[in-house]
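Please read the structure below before turning to the comments.
The values are calculated or read from the model by the stated rules, or taken from the named source; none is laboratory data. Bear in mind the structure is a predicted one, so any value in this text is a computation, not a measurement. Note that each Cβ is placed from the backbone with ideal geometry, even for glycine, and that neighbours are counted across all protein chains shown.
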Amino acid sequence: MSEFAGYRRDDGRIGVRNRVAVIPISVAASTIAERIAAEAGAGVTSTPHQMGTEQPAAARAQTERVLTGIGRNPNVGAALVVYLGTEVADVDGIADGIADVGTPVETLSIRSAGGARDTVSAGVSIADELSDEIASARRETADASELIFAVECGGSDATSGIASNPAVGNACDRLIDDGGTACFSETPEFIGAEHVLAERCADEETRRRLLERVDRREAIADMMGVDLRESQPSPGNKEGGLTTIEEKSLGAISKGGTSPIRGIVDYGEPLPVGGGLVLMDTPGYDVESVVGKVAGGAQIAAFTTGRGSTTGNPIAPVIKVTGNARTWDRMANNMDVNASTILDGEPIDSVGERIYETLLSVADGRPTEAERRGMEEFAINEIQPRELEALGEPV
Amino acid sequence: MKGIVLDDRALLMVESDTVATALDDLERGTELSVAAVGSDRDRVTLTEDIAFGHKFAIERIDAGDPVEKYGERIGSASRPIEPGEWVHTHNCESDRGRGDRTAEGANA
C-alpha cells in the first residue's frame, strides 16, 4: 500500500498543500490579488489571469467553472475572492461553489473597499485571518488512491516520446494500480494518435466522445483554412527534432501510461477520485492545460520537458521530469527527475518507480524545484470566437 | 528504453519503422548497422549531419509514401528520401489539420 500524509478536508478529500488562495474574478482584480498574496506572505498564493470583465456566455461559464474549481481544489484551505465590482461573472455563485465543499471563503470588492490601496490592505488582513484559521490543520495518513495526478508535457523534443513521457506514464500506471486517478489533456496533441487512444477506451461512449473532441479541434483549423503545421509542432519542438503533429502526439500520449481510458471531461470539469485514467479536453497551451486539471481537482502534477520548461502552478506542486541530459545539466535548479538515464540503458520501469516515489514524497510535503523557485504560472483558457462559432454559440 | 538501439548511437522505436532517431550528434559518413531490423539493407551511411533527437531514413521512402515511427504513420514524404538522409519538415509533411489543403481545394 502506498501512503503519504496530507491535509484531510471537512468533506473527506485530501490536500497535499494547505494554501490560502487569493482568486481574482477578472483581469481588473489580478494585480491586486497578486499584491495581497505577496504582502500576506508564506502559504498565501494568488491566481492572476487575463479574463475580462465581460465575456460571451459560453466563455464566461468556462471561466466561472475554472475559478470555482480552483477554490475547491483540496490544496486550498481557504479562499479570498477579489473582484472590481463590474464583472458580469457570478461572483456569489463562485464563492458559494467554493463554500459548498466546506472551504472557508471571503469576498472583497475593490469598488466597495475604496480602491486599490484600501483593497490591498483589507485583503492582507483577511488573508492573515484565513491563514490563522487553517494553521491548525495537521497532516494525517492518506492513501495514494486519494490522489488525482495531472500529467503534462511542454517544450517537447525527441527525448520526450522516448524517455520522459513513457517514464511518467509508468508512474501513472503505478498510481492507477494503487487505485488513484491520472489525467492527461491537450486535445490538439491527440491528433494523429487518436486511433491508439480510441482502442484503449473502456467503453463505446468514451471512445465516441474522444473522437468527436479530436474532430472538433481539427475542424476548427479546417474551417478557418488554417494550416496546423504553422503552430504544431512549435518552432522549438521542430528544433528538438519533432517533424509533424502526428509524431508529437504519438510521443505525448505515452505520458498517460497504458491503462484503459475511463472517461473524458471538459476543461476544468471535476475529475473523479479513484477514477483510473481520465482525459481532459483542453487546448495545447501547457500552462492553461495544467490549470484546467488543477481546477478539476488534481492535487499534484508532473510535467515533462525535453527543452527545459520552468513553469509551476500556484495551487498544485509541479514535478519537472526531463529526458534530455543537456537540459538536466543546464537547468538542474528547475528539474526534479532525470529520465535521460533511459537513453543510457536504465529501464523505463525503474525511472517510473523513481517518479512514483517522488510523487508520494512531494504529496508528503517535499517542495518541488518549481516551488523552491516560486514558479507559479497561471492562465485560464478563453474560448475563442472561432471556437464559439464551431460550437454554434453566440460570440 | 523501448525500441532497437543501432550501434549505441541511434534508436528505432519499432522494427517496422522507416526512420531512426539520433541519440547523439551524428556526423555525415557515419555507418550504422541495420541488419537486425526490417530494412532492406545491412548498413546505412548518413548522407548529412544528424543532430541529437533528429531522424534519418533507414530505407528509401518514395514521395507520397508514409513515414513511420512508433510503428505509426507520422506523415508523408513530400519528395523522395534516400537511406541515410535527414528526415524533417523539408521532406516530410503532416497529413493532419491541413485547412490549407481544404482552402486550396475550394479555390481550385
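Among the residues making up the stretch A:334-348, those that are among the acidic types (Asp, Glu) and within 11 Å of another protein chain (Cβ to nearest Cβ) are A:Asp344, A:Glu346. Scanning the stretch A:223-278 for residues that are among the small types (Gly, Ala, Ser), closer than 17 Å to B:His90 by Cβ and in contact with a strand residue (DSSP E or B) (Cβ under 9 Å, 6 or more places away or on another chain) yields a total of 1.
Output yes when any residue across the stretch A:225-248 is surrounded by fewer than 20 Cβ atoms within 10 Å (Cβ to Cβ) and more than 14 Å from chain B (Cβ to nearest Cβ), and no when none is. Scanning the stretch A:225-248, I find no residue that is surrounded by fewer than 20 Cβ atoms within 10 Å (Cβ to Cβ) and more than 14 Å from chain B (Cβ to nearest Cβ), so the answer is no.
From the list A:Gly69, A:Gly41, pick out the single residue that is of a type outside the set (A, V, I, L, M) and surrounded by fewer than 22 Cβ atoms within 10 Å (Cβ to Cβ). Spell out the reasoning first.
Values: A:Gly69 fails: surrounded by fewer than 22 Cβ atoms within 10 Å (Cβ to Cβ).
Being of a type outside the set (A, V, I, L, M) and surrounded by fewer than 22 Cβ atoms within 10 Å (Cβ to Cβ) holds for just one of A:Gly69, A:Gly41, which is A:Gly41.
For the stretch A:194-203, check the following and say yes or no: at least one residue is touching a residue at least 60 places away in the same chain (Cβ under 8 Å) and part of a helix (DSSP H, G or I). Taking every residue of the stretch A:194-203 in turn, at least one turns out to be touching a residue at least 60 places away in the same chain (Cβ under 8 Å) and part of a helix (DSSP H, G or I). Within the stretch A:361-373, the set of residues being surrounded by 21 or more Cβ atoms within 10 Å (Cβ to Cβ) and in a helix (DSSP H, G or I) comprises A:Val362, A:Ala363, A:Ala370.
Of the listed requirements (1) within 12 Å of another protein chain (Cβ to nearest Cβ); (2) within 16 Å of A:Thr244 (Cβ to Cβ); (3) modelled with pLDDT of 95 or more, B:Ile61 misses just one: (1). Candidates A:Arg366, A:Arg354, A:Arg326: the one that is modelled with pLDDT of 95 or more, within 14 Å of chain B (Cβ to nearest Cβ) and over 30 Å from A:Ala198 (Cβ atoms) is A:Arg326. Kindly check whether there is at least one residue in the stretch B:23-38 that is within 11 Å of chain A (Cβ to nearest Cβ) and touching a Ser or Thr at 6+ places or on another chain (Cβ under 8 Å). No, because not a single residue in the stretch B:23-38 is within 11 Å of chain A (Cβ to nearest Cβ) and touching a Ser or Thr at 6+ places or on another chain (Cβ under 8 Å).
Quick check on the stretch B:7-14. Is at least one of its residues facing chain A (nearest Cβ under 9 Å) and among the aliphatic types (A, V, I, L, M)? Yes, the conditions are met somewhere in the stretch B:7-14. Among the residues of the stretch A:178-224, how many are within 14 Å of another protein chain (Cβ to nearest Cβ), of a type outside the set (D, E, K, R), under 20 Å from A:Glu288 (Cβ atoms) and surrounded by 21 or more Cβ atoms within 10 Å (Cβ to Cβ)? Final tally of qualifying residues: 6. If you go through the stretch B:25-73 and keep only what is buried (at least 18 other Cβ atoms within 10 Å of the Cβ), touching an Asp or Glu at 6+ places or on another chain (Cβ under 8 Å) and of a type in the set (Ser, Thr, Tyr), you end up with B:Ser39, B:Tyr70.
Does A:Gly6 qualify as being of a type outside the set (Asp, Glu), out of contact with any Ser or Thr (no Cβ under 8 Å at 6 or more places or on another chain) and within 22 Å of A:Gly312 (Cα to Cα)? Judged against the criteria, A:Gly6 is a match.
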